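The values are calculated or read from the model by the stated rules, or taken from the named source; none is laboratory data. Please read these numbers as outputs of a predicted model, since none were measured by experiment. Glycine also receives a Cβ, built like all others from the backbone with ideal geometry; neighbour counts cover every protein chain displayed. What goes into the accessible areas is simple: the full protein's heavy atoms, side chains included, and nothing from ligands, DNA or RNA. Shrake-Rupley method; radii C 1.70, N 1.55, O 1.52, S 1.80 Å.
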Amino acid sequence: MNKLILNFKSNEFKKLKNPKEFLGGKGVNLSRMGKMGLPVPPGFTISTKVCDLFYKNKKKLTKKIVNSIKNELKIIEKETDKKFGDLKNPLLVSVRSGARVSMPGMMDTILNLGLNDKTVLALAKKTSNMRFAKDSYRRFIQMYSNVVMGVESYNFEELIENYKLTKGVLLDTELDENDWDGLIQDFKNVVKDKANKKFPQNVFDQLYGAVSAVFLSWESNRAKIYRKLNQIPSDWGTAVNVQSMVFGNMGSNCATGVVFTRNPSDGSNKIYGEYLINAQGEDVVAGTRTPQYMTKEARKNANAKEQSMEESMPKVFKQLKKILNILEKYYKDMQDVEFTVENKKLWMLQTRSGKRTSKSAVKIAVDMVKEKLISKKEAVLRIDPNSLDTLLHSTLDEKSEIKIIANGLPASPGAASGKVVFSSDEAERLNGMMQDTILVRIETSPEDIHGMHAAKGILTARGGMTSHAAVVARGMGRPCISGSSEIDINYENKIFKTSNFEVKEGDIITIDGSTGRVILGKVPTVKPEISGDFSKLMSWADDFRKLKVRTNAETPTDTKTARDFGAEGIGLCRTEHMFFDEDRILSVREMILSKTKEDRNKALAKLLPYQKKDFIEIFKIMNGLPVTVRLLDPPLHEFLPKNEKEINDVSKALDLPIKEIESRINELHEHNPMLGHRGCRLGISFPEIYEMQCKAMFEALVECKKKKYKSIIPEIMIPLVSTEAEIKIMKDLVVRVANRVKKKNKVKIDYLVGTMIELPRAALKAKDIAKHADFFSFGTNDLTQTTFGISRDDSGKFLNDYIENKIFDIDPFISIDDGVGDLIEMATLKGRKQNKSIKLGICGEHGGDPKSIKFCAKIGLNYVSCSPYRVPVARLAAAQAQLIKKN
Ligand code: PEP
Ligand code: MG
């Protein structure tokens with residue numbers, strides 16, 4: 001490929017193997033729209049390869065590139081019959097970034113480039129509109145000086161605001177050509193003062209400066225943060241699109257807007273968007289003017305007075321609707337489109353796959369299958385499993401009493417409560433202290449990205465449904481209310497006021513991003529259900545997947561939630577969690593601190609009925625599905641009494657002096673509890689603990705049989721095994737207790753005995769261990785900890801440094817590391833070699849991580865087990881893993 005710059009109409013496009021990699025998303029779509037014969041203003045794309053060359057050439061454009069840009073400009077000049085820098089009919093261009101994937105609001109855009117003190121007069125003459133020309137010039141100075149010359153925008157905003165105050169007007173539209181003329185002079189002075197350079201008058205210097213600035217913006221802080229949050233590689237680079245300008249701000253026959261082919265919030269198949277008459281693109285997205293609705297229906301529903309586009313420009317609206325239909329059929333996906341109307345002529349400025357909420361993503365995918373636009377397989381592959389998380393979280397409990405203090409636009413659904421903060425830095429600071437916040441801003445800008453990420457929800461006073469806040473929040477899955485004009489924010493005093501209330505920084509509010517309600521205080525939430533489109537998509541996913549999905553649960557509530565979400569069994573019931581209840585902990589402490597076996601047995605006898613009752617309840621809920629019960633695992637010190645009262649209570653219960661209790665506590669202290677007396681090591685030292693647990697479980701089984709519940713085959717799991725002898729001794733114990741219960745009750749009991757593989761030695765010796773195991777369950781939390789020798793409890797303090805230094809791409813406690821993966825794969829092969837029918841699963845946190853699930857499917861595990869709320873995520877990820885494996 002020789003050409004580094006491509007005209008939108010160039011036939012070279014066909015030769016590109018990966019057009020998006022080379023031209024970026026925006027460039028490819030402009031070329032495609034051009035080829036479909038849609039009205040696209042002429043232009044060209046400077047490829048991502050040039051971005052690479054730019055950085056290699058000390059952040060400068062090479063001579064060769066400069067010449068190619070000049071040649072391409074000539075082609076546009078021909079197409080538009082205008083000339084760049086001409087004093088009669090000047091060509092103006094826009095310069096925009098366009099990376100491989102869209103990064104809304106992250107990169108820089110410059111409009112009206114090509115204006116200077118002379119061409120502005122030519123533009124005025126040509127359009128017979130001096131006000132429009134001057135307004136365009138001042139906008140260009142503002143944007144260019146900010147993006148290219150680093151002069152902060154508030155310098156210009158301040159001048160405009162002060163001028164309006166002196167003139168006694170409220171709106172920019174009330175300023176005339178003479179006002180703008182004066183302001184242009186002031187702007188130029190500010191530029192000279194702040195940048196130590198004059199505003200460039202040479203149009204070619206302007207162009208090369210703008211192209212370079214777009215390339216430089218790829219390495220800006222906000223782009224870096226966005227890339228990190230969205231796992232976008234830094235070597236992709238951005239392309240630059242140079243396109244002839246069309247104007248939505250030339251008068252009342254002009255407009256500009258953003259429209260989605262379907263509703264990005266709820267997924268309904270109705271066009272959805274906003275437009276502004278007599279405005280330029282950034283007016284809609286920046287949220288500085290509140291835009292009008294596209295359709296009559298939307299306007300009526302919102303009780304808005306200003307005409308919709310359907311009413312004000314019916315002919316152009318009809319044409320636009322037709323084009324939206326063509327685009328959606330072509331891309332087979334919901335599109336987010338920008339358009340401009342210049343003197344009643346419609347121009348398409350860009351199309352891209354629209355960002356959407358998880359709810360609408362599911363609805364759109366399911367609807368498109370119904371409409372025969374895509375297959376079920378495509379629908380399943382289209383949804384990001386991690387995005388389901390937001391669908392599985394709670395909405396406001398409508399039964400609770402609420403105090404609505406303001407309303408705004410329902411920009412991104414979901415409910416969130418938290419302390420009010422007025423700055424992104426504060427949101428980030430409090431998030432570091434595990435405190436929930438709601439970020440309240442007049443409007444957000446790309447500089448707020450870290451705060452929006454740190455906050456639980458976002459509330460803005462200005463801006464529409466496609467404002468920066470709305471788009472970014474939807475992408476992140478954060479609840480958001482935008483354009484709540486009822487709130488009046490005072491940053492200095494850190495308060496916002498509504499007609500009746502005053503809310504200070506630190507006060508708690510709740511926002512409901514699905515309805516736009518701002519509520520005082522914290523509101524209870526309710527759990528969502530899997531139904532409708534979601535359950536349909538899930539059932540398609542289930543048809544494709546081979547991996548089973550179980551859950552990690554030990555309480556009846558969690559077990560039930562997991563079943564409702566489609567869990568096919570319990571992969572890990574951590575029995576120690578059943579010991580922590582307030583009414584049981586004293587008996588547990590008695591058991592640990594007992595000095596004699598007799599005392600210990602007494603305490604265990606008190607615990608047995610509790611364990612038995614829990615098992616009965618869980619077996620009943622699981623209704624015949626497999627349940628893996630893990631025998632006690634954590635270090636004993638976790639249960640020890642910590643304060644005076646707790647020590648007193650145990651002393652009384654055991655009838656031992658306080659001093660003795662204290663010395664026993666000291667004896668049990670461990671320097672490194674994670675590597676200490678835990679797991680099966682407890683079972684070796686105190687077999688009576690495991691015996692009680694097994695007895696409780698087998699007796700629970702007998703009880704279930706009597707009650708005629710569907711029969712369960714429990715899978716008894718021995719934790720932290722590293723040697724063959726350990727599993728052998730523990731298995732003998734289980735069998736012994738089972739035989740006793742069988743004999744006593746004269747019933748048949750079926751069960752499996754297996755082990756966790758969570759220590760490197762267990763993986764290495766999997767063949768020997770498998771002689772005594774019906775199943776292996778990979779405990780990847782401990783396996784990651786012990787393979788790296790990194791404490792899972794302390795890793796948070798330094799893992800970020802490892803990610804920043806690119807030692808890890810991702811936290812290995814979240815996504816399986818490939819070294820840990822090698823151990824798992826090896827143990828799988830060894831285990832299967834010894835025991836062909838051995839059941840293999842995973843129950844570490846990785847069991848709910850889509851990337852790790854892909855790995856589990858690849859090496860042929862039988863199931864993954866994850867927390868209840870991750871079950872649907874795992875079901876979808878398992879289906880995708882299977883579909884990708886097939887391709
Ligand atoms: C594990 O180590 O992966 C595991 C599931 O056990 P726990 O987290 O209880 O140590
Ligand atoms: Mg473990």
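A few comments on the model shown:
- Scattering curve values for region 389-511, log₁₀ I(q)/I(0), Debye with Cα scatterers, q = 0.10, 0.15, 0.23 Å⁻¹: -0.26, -0.60, -1.50
- One chain, two ends: residue 212 and residue 529. Fully extended at 0.36 nm per residue, the span grows by 109.1 nm beyond their Cα-Cα distance.
- Size of region 18-93 from its Cα atoms: along the principal axes, largest to smallest, the extents are 38, 32, 14 Å.
- Mean separation of Cα pairs under 8 Å and 6 or more residues apart, divided by the residue count, gives region 273-425 a relative contact order of 11 percent.
- Centroid-to-centroid, using Cα positions, region 486-524 and region 533-603 are 39 Å apart.
- Within straight-line reach of residue 597, meaning a Cα separation under 22 Å, sit the following lysines at least 8 residues removed in sequence or on another chain: 606, 612, 652, 659, 695, 731.
- The residues of region 287-403 present an accessible area of 53 Å² per residue when probed at 1.4 Å with all protein chains retained.
- The calculated 222 nm mean residue ellipticity attributable to helices in the chain amounts to -14000 deg cm²/dmol, summing -39500 (n - 2.57) over DSSP H runs of n ≥ 4 and dividing by all residues.
- Entry note, region 553-638: relative contact order of 46 percent, from Cα contacts under 8 Å with a spacing of 6+ residues.
- Volume per residue for region 289-340 equals 98 cubic angstrom (convex hull of Cα atoms).
- Qualifying chymotrypsin sites (Phe, Trp or Tyr not before Pro) in region 291-374, where qualification requires a DSSP coil assignment and no more than 11 other C-beta atoms within 10 Å, are lacking entirely.
- Residue 600 contributes about 20 Å² of solvent-accessible surface, heavy atoms of the protein only, 1.4 Å probe.
- Placing +1 on the Cβ of every Lys and Arg and -1 on the Cβ of every Asp and Glu, with no other charges, gives the chain a dipole of roughly 4020 debye about its Cα centre.
- Averaged per residue, region 740-887 has 45 square angstrom of accessible surface, using a 1.4 angstrom probe with ligands and nucleic acids left out.
- Overall dimensions of region 544-666 as given by Cα atoms, namely Rg and Dmax in Å: 17.7, 63
- Angle of helix 687-706 to the longest C-alpha principal axis of the chain, folded into 0 to 90 degrees and rounded to 10: 80°.
- Stokes-Einstein D in µm²/s, Kirkwood radius over Cα pairs - region 691-794 at 25 °C with 0.890 mPa s viscosity: 164
- Tilt relative to the chain, helix 314-331 - C-alpha long axis, 0 to 90 degrees, to 10: 40
- Three semi-axes describe the equivalent ellipsoid of region 244-349; taken as square roots of 5 times the Cα gyration tensor eigenvalues and ordered largest first, they are 20, 17, 13 Å.
- Largest-first ellipsoid semi-axes for region 55-173, taking √(5λ) over the Cα gyration tensor eigenvalues, angstrom: 29, 22, 12
- Shape analysis of region 687-748 based on the Cα gyration tensor places the equivalent ellipsoid semi-axes at 24, 12, 9 Å, largest first.
- Degrees between helix 203-217 axis and first principal axis of the chain (Cα, 0 to 90, nearest 10): 0
- The separation of region 406-444 from region 287-334, counted between C-alpha centres, amounts to 30 Å.
- Relative contact order for the chain, counting Cα pairs under 8 Å that sit 6 or more residues apart, in percent: 9
- Share of carbon and sulfur in the accessible heavy-atom surface of the chain [1.4 Å probe, %]: 49
- Two-decimal Rg/Rh across region 199-309, once Rg and the Kirkwood Rh are taken from alpha-carbon atoms: 1.07
- Region 433-502: antiparallel DSSP beta bridges as a percent of all, rounded to 5: 40
- Rounded to 5, the percent of DSSP beta bridges in the chain classed as antiparallel: 65
- log10 of Debye I(q)/I(0), alpha-carbon scatterers only, for region 651-731 at 0.19 Å⁻¹: -0.95
- Solvent exposure of region 1-73, expressed per residue, is 51 Å² of accessible area, with all protein chains present and a 1.4 angstrom probe.
- Radius of gyration and Dmax over the Cα atoms of the chain, both given in Å: 32.6, 105
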